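To start, the structure itself, in C-alpha cells.
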Protein chains: 2
Amino acid sequence: MKRFLVLALLLFLGCETPKNTPASPESTFGIVIHGGAGTILKKNMTPEMEAAYRATLEEAIRTGHAILKVGGSSKEAVEKTIHVMENSPLFNAGKGAVLTADATIELDASFMDGATLDAGAIAGVQTIKNPISAAIAVMEDSPHVMLSGKGAESFAEGQGLALVAPEYFYTKRRQQALERVKARENQTALNSEEAAYLRAQRRGTVGCVALDQSGNLAAGTSTGGMTNKKWNRIGDAPIIGAGTYANNASCAISATGWGEYFIRAVVAHDIAALMEYKGLSIQEAAKIVIHDKVGKLGGDGGIVGIDNKGQIAMEMNTAGMYRAHMDGKGNLTVKIYAEE
Amino acid sequence: MKRFLVLALLLFLGCETPKNTPASPESTFGIVIHGGAGTILKKNMTPEMEAAYRATLEEAIRTGHAILKVGGSSKEAVEKTIHVMENSPLFNAGKGAVLTADATIELDASFMDGATLDAGAIAGVQTIKNPISAAIAVMEDSPHVMLSGKGAESFAEGQGLALVAPEYFYTKRRQQALERVKARENQTALNSEEAAYLRAQRRGTVGCVALDQSGNLAAGTSTGGMTNKKWNRIGDAPIIGAGTYANNASCAISATGWGEYFIRAVVAHDIAALMEYKGLSIQEAAKIVIHDKVGKLGGDGGIVGIDNKGQIAMEMNTAGMYRAHMDGKGNLTVKIYAEE
C-alpha cells in the first residue's frame, strides 16, 4: 500500500510538472500594445492611413515578441516596442507628439517592473528622444521614481540618453491640429459629436505590457499628452497607478484616454486590485474600471493589460483604440475599431 | 407572545436608532492630521520643541474641527487645517519647507473630494504661499488634475492666489539641514542608524483627512519633498492614489514618508481598495499596506485615514509621526512618538 501511494504521488507530480515548468515555454509569454483610444471612425480614415497604422502596430509588437521569444525580459520587450511607436510620426508619443497651447512639446512616460515593483517616470520633458528609456533610467539609475522638466532632461543627459532639438518631434499634422483646436475653442456651440471628435483629436498615448518566459510582468506608457494643454499639465501616463502599473501578483496595465479621469479613477492599480482582492479575471476587472468607473465619471479611453498567466484585456469605451496582441504561439491580432 | 415579539423588536430598533440615524450628529464627523513621519525620538527633542509641535498640531486640528462642527464641508476643513501647518515653520510644507540640492524650494500638494472623486494637484512650485489651495483651485477652476512648475504658478496667479518671494519659505533650520545632508553625502561609511536618522531629517509632509456631517470625505497633502532632492523630483504627495486619496465608498487617506516607496505601493488607493474589495477595516487595511507592503519593499513612513463611519487609522513603521485626531464629540488626541 505504501509503495502504491509513493507511485501515485510520483505519477501525480509527474503530471503536474508541465504546469510548473512548461515544456513549451512559448505558450507562457505574451505582449499587448496600444497606440491611443478615441473617436477613431472608419469614415474618417483613408485606406492608406489605416494600412500605415496597422503596419506600424505590427512592426512594434513583433519587435517585442522577438525579444520575449528568445527569453528576453518583459522590460526590454516593453522598451523596444515603445521605441517603434515613439519613433513613428503616427502616434502621440516621441516624434509626432501633440503640441501644447504654447506650441511646445511636453512628453511624459512611465515604466513599472512587476517582479520588484520598481518604477520610473518623467513628466514634461522637451528634448529626450525616447521618453520610455528615460523613465527606465530614472528607475534604475536614480534614487527617485519621478523626475520632471529641466531636471529630468539634465538627468537624462547625464545618463547618456539621446537628446534631440525640440523640432525633431514636430509634425505638420500636429501643428494643424493645434490650430484647429484653438479655432474651435473660440466657438461656443459645439454639438456633442463635434466635441467628442475634437477631444479625440487632441490626445493619444502609446503603451505596452508584456509577460516574459520567466513569469515577469512589465508595463510602459509614453505620450505627448493633450493638444493645447496649458500650465505644464501632467496627465495619467507618467502616474504610477493611473496610466501604468505592473505587479507579478496580478497584471500589467497601460492606459490611454482622457488622463484626468484616469488619474481620479486610479485606473491601472484599480484593475490590479480587483484581480488580487476580489479574484476577478483581467477582462472582468478591466470592464468594471473602464465602463462602470471611468465611464460613469464622464471619462473615456481604454487600457491594454496582461496577467501573470498570459490572459489579456484590450478594453475601451471609445469608438476605437489602436491595439495589437501577440501570444506565445505567435498568433497576431491587430485592431483599430471597437467593433472588429 | 406575538405582542411581546413586536415590543421586543420596537425596543431593539429604538436602541439601534443612534447607530443609523444619529440623534447627535456631532458623533458622525471627525478629522485626523499628520505633520510627517520618521526617526522622531524623544532623546533628540527639547521640551520646548515638543511643546511647539503639540501646540501647532492642536491649533491646526481645532481649526478644521470648528468648521466641521458647524456643518462645514470636509473640503474646507482640510484646506484650512493644512494652512495652519503650511504657515508654521515647524513642518516641511509651505514656510519651513526643505531645500533642494540647488538650495531652492519646490512644493507639491494634492487634494481629493470623496463625494465626486474630483481631484487637483500641483508639483514643483516655488512661489505659491499655500500649495493646498492651489491644488484645490486646479480641481475647481481648471480642466486638468495636475499642473507643474511655472505653468502651475501662472495658473495660481490667474486665480488670484497669494504668491510670495521664494525667500518667504526659507528657514535657517532647513538651510542647515541641507548643509548637513550634503556633507554626509560625501561620507562613505554611514551605519544604518545614522542613515535612517539622516533620511528622516530629509523629509516630511503635512496632511489632513476629514469626514463632515453630510458624510463626505476629503483628503489633502502638502510638502516640500525631500532635502537635497535633484532633477525636479516629484514625490508621492501630489500623486492621487499614492499620497492622497478619498472616496466616500471607503475612506480618505493622506500619506507621509519615503515618497518613492509610497508611489510604488500606490499606498492611499491600496488602503481604499482593501477596504472596498476585501471588506477590511481601515485599521486592518492600513496595517497591511504600511507594514507588509511599504515595509517589505524597504520603505518607511505612515498614513492618517478616516473612513465613511468616522473610524480612523494613524499607522506608521517609523519611530514617530506628528499626528492628531479629533472626533465628533470633541475628544482630542495629539501624539508624536510611535509608542505613546
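The values are calculated or read from the model by the stated rules, or taken from the named source; none is laboratory data. Only a predicted model underlies this, so the values are computations on that prediction, with no experimental measurement involved. Neighbour counts are summed over all protein chains in view; Cβ atoms, including those assigned to glycine, are modelled from backbone coordinates with ideal geometry.
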Among the residues of segment B:99-107, is any under 20 Å from the mean Cα position of the chain (by Cα), within 11 Å of another protein chain (Cβ to nearest Cβ) and either touching a residue at least 12 places away in the same chain (Cβ under 8 Å) or surrounded by fewer than 24 Cβ atoms within 10 Å (Cβ to Cβ) (or both)? yes
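Which residue out of A:ALA255, A:ALA272, A:ALA265 is within 14 Å of another protein chain (Cβ to nearest Cβ), over 23 Å from A:ASN92 (Cα atoms) and hydrophobic (A, V, I, L, M, F, W, C)?
Answer to the selection: A:ALA272.
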Only residues in segment B:143-157 that are more than 7 Å from chain A (Cβ to nearest Cβ) count as the first member; pair them with residues that are small (Gly, Ala, Ser) and not in a loop (DSSP other than H, G, I, E, B), Cβ under 6 angstrom, at least 6 apart or cross-chain, and list the lot. B:ALA156/B:ALA134
Name the residues in segment B:231-246 that are more than 8 Å from chain A (Cβ to nearest Cβ) and among the hydroxyl-bearing types (Ser, Thr, Tyr), would you? B:THR244
Evaluation of B:ASP113 against (1) within 9 Å of chain A (Cβ to nearest Cβ); (2) among the charged types (D, E, K, R); (3) touching a residue at least 60 places away in the same chain (Cβ under 8 Å) (one fails), failing number: (1)
In the set B:PRO22, B:PRO18, B:PRO89, which member is farther than 16 Å from B:TYR337 by Cβ, assigned to a helix (DSSP H, G or I), at pLDDT below 95 and not β-branched (Val, Ile, Thr)? B:PRO18
Hey, can you tell me all the residues within segment B:38-68 that are closer than 16 Å to B:GLU340 by Cβ, of a type in the set (D, E, K, R) and touching a residue at least 40 places away in the same chain (Cβ under 8 Å)? B:LYS42, B:GLU50, B:ARG54, B:GLU58
Looking at segment B:61-69, can you tell me whether even one residue there is on the phi < 0 side of the Ramachandran plot and either charged (D, E, K, R) or in a loop (DSSP other than H, G, I, E, B) (or both)? yes
Please tell me if B:MET314 is buried (at least 24 other Cβ atoms within 10 Å of the Cβ), under 16 Å from B:SER254 (Cβ atoms) and either touching a residue at least 12 places away in the same chain (Cβ under 8 Å) or polar (S, T, N, Q) (or both). no
For segment B:70-86: of the residues being out of contact with any Asp or Glu (no Cβ under 6 Å at 6 or more places or on another chain) and part of a loop (DSSP other than H, G, I, E, B), which is nearest to B:HIS34 (Cα to Cα)? B:GLY72
Going by what's in this entry, would A:ALA249 be described as surrounded by fewer than 24 Cβ atoms within 10 Å (Cβ to Cβ), more than 9 Å from chain B (Cβ to nearest Cβ) and in contact with a helix residue (DSSP H, G or I) (Cβ under 6 Å, 6 or more places away or on another chain)? yes
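Can you tell me how many residues in segment A:109-142 are small (Gly, Ala, Ser) and closer than 18 Å to A:ALA165 by Cα? So that I can check it myself, show each step before the final result.
Taking segment A:109-142 as the starting set, the residues that turn out to be small (Gly, Ala, Ser) are A:109-110, A:114-115, A:119-121, A:123-124, A:133-135, A:137, A:142.
Within this subset, residues satisfying the condition of being closer than 18 Å to A:ALA165 by Cα are A:123-124, A:133-134.
Final tally of qualifying residues: 4.
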